[in-house]
1. To the nearest 0.05, how large is the calculated FRET efficiency for Arg198 and Asn132 if R₀ is 22 Å and r is the Cβ-Cβ distance?
2. When only the heavy atoms of the protein chains count and the probe is 1.4 Å, how do Arg105, Arg223, Arg198 rank by accessible area, highest first?
3. Extension gain Lys143-Glu76, at 0.36 nm per residue separation less the Cα-Cα distance, in nm?
4. With a sphere of radius 15 Å drawn around the Cβ of Gly33, what net charge do the other residues whose Cβ falls strictly inside it have (Lys, Arg +1; Asp, Glu -1)?
5. In the structure shown, do any of Lys91/Lys206; Lys173/Lys217; Lys17/Lys109; Lys176/Lys203; Lys35/Lys109 have a Cα-Cα gap over 18 Å, and if so which?
6. In nanometres, what is the gap between the two model label sites at Glu104 and Met190, each 7 Å from Cα along Cα-to-Cβ?
7. Just to verify a number: what accessible area does Glu205 come out at with the full protein assembly present, 1.4 Å probe, Å² rounded to tens?
8. Quick check: from the Cα gyration tensor, does region 153-213 come out rounded (a/c under 1.5), prolate or oblate?
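The values are calculated or read from the model by the stated rules, or taken from the named source; none is laboratory data. Since the model is a prediction, treat every value here as computed from it, not as a measurement. All Cβ positions, even for glycine, are placed from backbone atoms using ideal geometry, and neighbour counts span all protein chains on display. To get the accessible areas, we keep the full protein, side chains included, count just its heavy atoms, and leave off ligands, DNA and RNA. Shrake-Rupley method; radii C 1.70, N 1.55, O 1.52, S 1.80 Å.
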Amino acid sequence: MDNTKYIALSRQMALWKQMDIVSNNMANMNTTGYKQDEAVFSSYIHQSDQKVAVQGMARKPLYFTQDFGSYSNFNEGMLVETGNTLDVAIKGDAFFAVQTPSGERYTRKGNFTLDADGMLVTTEGDPVLSENNEPFFFAPEEKQISIVENGEIYTENGLIGKMKLVQFEDNQKLLKVANTMFENTDGNNMIIGEDNIRVLQGKLEKSNVNSIEEMTKLVNLQRSYEYVQQMIDEEHDRLSNTINAFAQMV
């Protein structure tokens, strides 16, 4: 396979990865607290050592497309009123802390509920943590649950505890381990309980995915993929015709 096909295939693989990311964004555009992902690519330059004796110049470098990675867009999504007592949204750059089987994780998906034991949990059943790293429990007779802006939770019997609201030095160092769950990484400092964060009861943060933008991206990606495939097919036909013509001359 010649360099033209290698370069085209590198671009095609990058487009395929980007289509996967955009498709996942679209699939989660109605997921509470979801943060849009974006693909990052760069040019990989390969300088051939081979020299060509054409006007005394070296062969030009080859530019491949390299899959550099992805990042999450942490812009705040639209807040919607639900009126549900255990629906909670964060106003500001922070996350709820929850305890999962894999360890402590962080999310902005605040549609919480009570399990059979009266524990405050996520829709996946993971306990929501307090600043004391303990779950919240409510007695069966406690019906009046109030969550104030600083994250404190009250019932008719008084203060239950305060939600663990965390901020990070660099959100881009967080590792997305599920569509709405993040894990912190080594060296990324975490701050707990800053005063510039507000908790809003009876509201939820929608996904920050713009469906029109993502649909436009997907259409453009599909067109680019088809264009690259057409180029590969044409290059294949060109090489086949060249080989056939040479064979007839021999």
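1. According to the calculation, E is roughly 0.55.
2. The residues order as Arg223, Arg198, Arg105, largest area first.
3. Taking Lys143 through Glu76 to full extension adds about 21.0 nm, to one decimal.
4. Details: positive: Lys35, Lys91, Arg105, Arg108, Lys109, Lys176, Lys203, Lys206; negative: Asp37, Glu76, Asp87, Asp93, Glu124, Asp126, Glu205.
With Lys, Arg at +1 and Asp, Glu at -1, the net is +1.
5. Numbers: Lys91/Lys206 12 Å; Lys173/Lys217 25 Å; Lys17/Lys109 26 Å; Lys176/Lys203 24 Å; Lys35/Lys109 10 Å.
Beyond 18 Å between Cα atoms: Lys173/Lys217; Lys17/Lys109; Lys176/Lys203.
6. 0.3
7. Glu205 has an accessible surface of roughly 0 Å² with all protein chains in place.
8. Working: a/c = 2.39, a/b = 1.32, b/c = 1.81.
Here region 153-213 falls in the oblate category.
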